[in-house]
Amino acid sequence: MANSTKINLIEAVCQSWSENCADHFSCEIALSGGLDSVVLLHLLCSIRHRFNINLSAIHVHHGLQKVADDWVVFCQKLCHQYQVPLRVEYVNVDSNSSLGIEGEARAQRYQKFSGSVATVIAMAHHLDDQIETFFLSLLRGGGVRGMSAMPVIRNFNHKTLWRPLLQFPRKQLEEYAKTHNLPYVQDPSNADTNYLRNWLRHQLLPQCDKRITSFQSHIESDIRSMQNALATIDEIAKNDLSDICPCDEVLNVSKWKELSLSRREEVLHQFIKKQVLGSVNTHLLQDISKHLFRQTKQHYWQLSAGNLYLQYDFLWFFCGTIPENCVQWRLAEKGLPESLIKKLHLRKVEPDDVLPTKIGHKNVIKLLQERKIPLFIRKHWQVLVDENDICRAVVNIRCDENESIDNGYIPAIPQLNRYLMELYS
């Protein structure tokens, strides 16, 4: 049994890497020091030379257990033994977080994962974890998306999250650790059934396993069905999204309203998820939908990566910054002479800025308002000024008419094009 277990796990990890990560050459394993991650570390060390993987590890110190410092020492010794570089990250978990202690700790871990220089983050979740996640979502009303549990692979902040052990029960990992005499630490909080996941693990699920033949196989099949259904839903939603979003960070509300209720919800979910690179709050989705259908003139919502703004019948995402020093000069029928543009420099618009015209001056803020530039972006708009701080051009909008010549240059910042309403008319 021991030899077959070794072969099954190693070959399964090799196959999963070949299918999902073949174009990657760096991998960082999330190492807690527990059984699951220690087994995965040993497996990855066994295959790293075969696939030329630059292997490293990360241990996140949450400070929630008295023995947390000991776990750091354990992971350091283990990684030294395997010649695997280890980074240790310390986080402060807010016990009053609306996410709960477990949710907040998870959010802190993922934030540290996002800072990895590796392109693949390996996680040691196994079949028992998958089933627990399914039931947690079932009990909390997570719907198809929640009950589809964890995928083997998914994109995360321009990296790949990889879970190669999802098809294997914890018992098989225990057998592997025993065969290879692998040491690991025990988290005492895993026995505390006040946590819902632990109650499922120690009380409900063992009873289900006793009463129902092939219980784990049935749930695993249900999860695959949920994942297939979710893949279909996502495919439809992404097609809808491409139809009603003139660009990645703008959603056309009028076109969105033409969709059926279920498709509206999925499109909104996809749109927001694309911006925040994480899970989407159901209450947030409901609140946004409510305002979109009320035809609210203006509104905004704070997100982790920026804000959503409703204005001019469009939903906009803005991260709060505009790239600086990226102005492009384009040749036009009327524009500024090359001799002048060399003397101009870029800065944000100020309330008193005016742009010279043939009949006087035009306040730049007023000009942006007339061009229906969304209110939230106006204060971030860029202008070009001369050595006397006189405005000579408003990027993407207009140049100083008194200085314009035939076949001159006009300034543009491509990232600002999405805020030009005439492009959507």
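Some observations on this one:
- Compared with the dominant Cα axis of the chain, that is its longest principal axis, helix 170-179 is turned about 60°.
- Cα point-scatterer Debye curve for segment 1-103, base-10 log of I(q)/I(0) at q = 0.13, 0.15, 0.19, 0.22 Å⁻¹: -0.57, -0.72, -0.98, -1.13
- Reciprocal mean inverse distance between Cα atoms of segment 75-127 - Kirkwood radius, Å: 13.2 Å
- Other-chain or far-sequence residues with amide H under 5 Å of Tyr90's (modelled H): His61
- In angstrom, the C-alpha Rg and Dmax of segment 2-221 are 17.1, 47.
- Shown here are the Rg and Dmax of the Cα trace of segment 328-424, at 12.5, 36 Å.
- Of His361, Ser242, Gln227, farthest towards positive along the dipole that unit charges on Lys, Arg, Asp, Glu beta carbons give the chain: Gln227
- Selection of trypsin sites (Lys or Arg not before Pro), segment 26-122, meeting DSSP coil and at most 15 other Cβ within 10 Å: Lys66
- Degrees separating the helix 2-20 axis from the principal Cα axis of the chain, which is the longest one: 10 degrees
- Coupling constants for segment 147-159 follow from the phi torsions by the Karplus curve (6.51 cos²θ - 1.76 cosθ + 1.60, θ = phi - 60°), and in residue order they are 6, 6, 6, 9, x, 4, 9, 7, 7, 8, 6, 6, 10 Hz; glycine and proline get x.
- For segment 245-318, size of Cβ-based charge dipole, Lys and Arg +1, Asp and Glu -1, in debye: 160 debye
- Cα-based reach from Lys348 at 27 Å (exclusive), listing lysines while leaving out same-chain residues under 8 positions away: Lys297, Lys334, Lys358, Lys362, Lys366, Lys372, Lys379
- Across segment 2-221, the mean sequence separation of Cα contacts (distance under 8 Å, 6 or more residues apart), normalised by length, yields a relative contact order of 23 percent.
- Helical contribution to [θ] at 222 nm, DSSP H n ≥ 4, -39,500 (n - 2.57), averaged over the chain, rounded to 500: -13000 deg cm²/dmol
- Note: the chain, Cα convex hull, 196 Å³ per residue.
- Dipole magnitude for the chain: about 360 debye, using +1 per Lys or Arg Cβ and -1 per Asp or Glu Cβ, origin at the Cα centre.
- Here the residues Arg154, Arg398, ranked from fewest to most Cβ neighbours within 10 Å of their Cβ, fall in the order Arg154, Arg398.
- Restricting segment 287-374 to trypsin sites (Lys or Arg not before Pro) in coil, as DSSP defines it, with at most 16 other Cβ within 10 Å: Arg294, Lys297, Lys342, Lys343, Lys358, Arg371, Lys372
- The angle between the Cα long axis of helix 282-293 and the main principal axis of the chain comes to about 30°, on a 0 to 90 degree scale.
- This model, with +1 at the C-beta of Lys and Arg and -1 at the C-beta of Asp and Glu, gives segment 328-424 a dipole about its Cα centre of some 420 debye.
- As a proxy for reagent exposure, ranking Ser404, Ser254 by other Cβ atoms within 10 Å from fewest up yields Ser254, Ser404.
- Convex hull (Cα only) mean projected area of segment 245-318, reported in nm² to one decimal: 4.3 nm²
Values quoted throughout were computed directly from the atomic coordinates according to the rules given, and no laboratory measurement underlies them. Since the structure is predicted, the reported quantities are computational estimates derived from the model, not experimental observations. Glycine gets a Cβ as well: all are built from the backbone with ideal geometry, and neighbour counts include every protein chain shown.
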